[in-house]
Amino acid sequence: LPTPIKTWLEKQSFNELLPIQDLVNRCSLEEKQLIISSPTGSGKTLAFLIPVVKKISSSPKSRVLILSPSPELAMQNIKVIRAILPETKATAVIGGVNIDRQKDQLKKRPQVISATPGRLRDFILRGLIKPKDFDLLIIDEIDALLREGIENLVADLLQNMPVEEHECIVASATVTNKTEELLTYWRPEFFLIENETFLLAITLGK
């Protein structure tokens, strides 16, 4: 584990990782395209943030884009990141917030951006956010996002962040058959980690 994660865990009086966190920590050493399927309350947020911290700790100039279905979830992710990496510039790009203030934050070139679909799409169209500039894409609660009909946004992000140069981690409390099929179609390299039995699952589509 990177030192910032260890320090944060100690402050929270956690002596060990939860099962899904341990699986992601080990798998992220090998696989760069991950799907995390784990129930709500099982420690999924910290699980997908472990690779984020690894990326930033090992490559200080790297950048991370996080897509979440709601402003509340986007802000929750930013809060945890700031607690673990207080020196890292992290900002939220969400609806319902003054757009000019968010533009000003983007001018500072934050390393981590946590966004909701509508505002992210708007800023991409304006040229204020360029997916190719990020090294790691996190898609939180993918099933909820797909239910909102944003397949085109997810597809565009993956297309503009090719597997040869970009890592992607997709997380969800559940992963439906439709989600599996879409993700496999977009990126066959995805490696599925399931929390139900705490065992490593087979690669999707194989």
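Among the charged types (D, E, K, R) and under 15 Å from the mean Cα position of the chain (by Cα) - does that describe any residue in the stretch 73-80? Steps first, answer last, please.
If we filter the stretch 73-80 for residues that are among the charged types (D, E, K, R), which is where we start, we get 79.
Now narrow it down to the ones that are under 15 Å from the mean Cα position of the chain (by Cα): 79.
The answer is yes; a qualifying residue exists.
Among the residues of the stretch 107-150, count how many are assigned to a helix (DSSP H, G or I), surrounded by fewer than 19 Cβ atoms within 10 Å (Cβ to Cβ) and touching a Leu at 6+ places or on another chain (Cβ under 6 Å).
Keep residues of the stretch 107-150 that are assigned to a helix (DSSP H, G or I), which gives 107, 117-125, 131-133, 142-147.
Okay, now just the ones that are also surrounded by fewer than 19 Cβ atoms within 10 Å (Cβ to Cβ), so 107, 118, 121-122, 124-125, 131-133, 143-144, 147.
Retained after the next criterion (residues that are touching a Leu at 6+ places or on another chain (Cβ under 6 Å)): 121, 131.
Within the stretch 107-150, residues that are assigned to a helix (DSSP H, G or I), surrounded by fewer than 19 Cβ atoms within 10 Å (Cβ to Cβ) and touching a Leu at 6+ places or on another chain (Cβ under 6 Å) number 2.
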Condition test on residue 50, is it within 19 Å of residue 21 (Cα to Cα), open to solvent by less than 60 Å² (accessible area, probe 1.4 Å) and not in a strand (DSSP E or B)? yes
Would you pick out the residues in the stretch 136-184 that are among the β-branched types (Val, Ile, Thr) and touching a strand residue (DSSP E or B) at 6+ places or on another chain (Cβ under 9 Å)? 138, 139, 142, 150, 154, 163, 169, 170, 174, 175, 179
How many residues of the stretch 24-60 are in contact with a Phe, Trp or Tyr (Cβ under 7 Å, 6 or more places away or on another chain) and at pLDDT below 90? The answer is 2
Would the stretch 94-106 turn up any residue that is in a loop (DSSP other than H, G, I, E, B), small (Gly, Ala, Ser) and under 25 Å from residue 55 (Cα atoms)? no
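Within the stretch 56-73, which residues are surrounded by fewer than 21 Cβ atoms within 10 Å (Cβ to Cβ) and part of a helix (DSSP H, G or I)?
Quick first cut of the stretch 56-73, residues surrounded by fewer than 21 Cβ atoms within 10 Å (Cβ to Cβ) only: 57-63, 69-73.
Answer for the stretch 56-73, where residues must be surrounded by fewer than 21 Cβ atoms within 10 Å (Cβ to Cβ) and part of a helix (DSSP H, G or I): 57, 58, 71, 72, 73.
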When you scan the stretch 166-195, how many residues do you find that are open to solvent by 60 Å² or more (accessible area, probe 1.4 Å) and either under 16 Å from residue 27 (Cβ atoms) or free of Cβ contacts under 8 Å to residues at least 12 places away in the same chain (or both)? 5
Filtering the stretch 23-53 down to residues that are in contact with a helix residue (DSSP H, G or I) (Cβ under 9 Å, 6 or more places away or on another chain) and of a type in the set (D, E, K, R) yields 32, 44
The stretch 1-44, residues that are farther than 26 Å from residue 174 by Cβ, assigned to a helix (DSSP H, G or I) and either open to solvent by 80 Å² or more (accessible area, probe 1.4 Å) or among the hydroxyl-bearing types (Ser, Thr, Tyr) (or both): 3, 6, 7, 10, 11
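The values are calculated or read from the model by the stated rules, or taken from the named source; none is laboratory data. Because the structure is predicted, anything quoted here is derived from the model rather than measured. Please note: Cβ atoms are built from the backbone with ideal geometry, for glycine as well, and neighbour counts cover all protein chains shown. Just the protein is used for accessible areas: all its heavy atoms, side chains included, with ligands, DNA and RNA removed. Shrake-Rupley method; radii C 1.70, N 1.55, O 1.52, S 1.80 Å.
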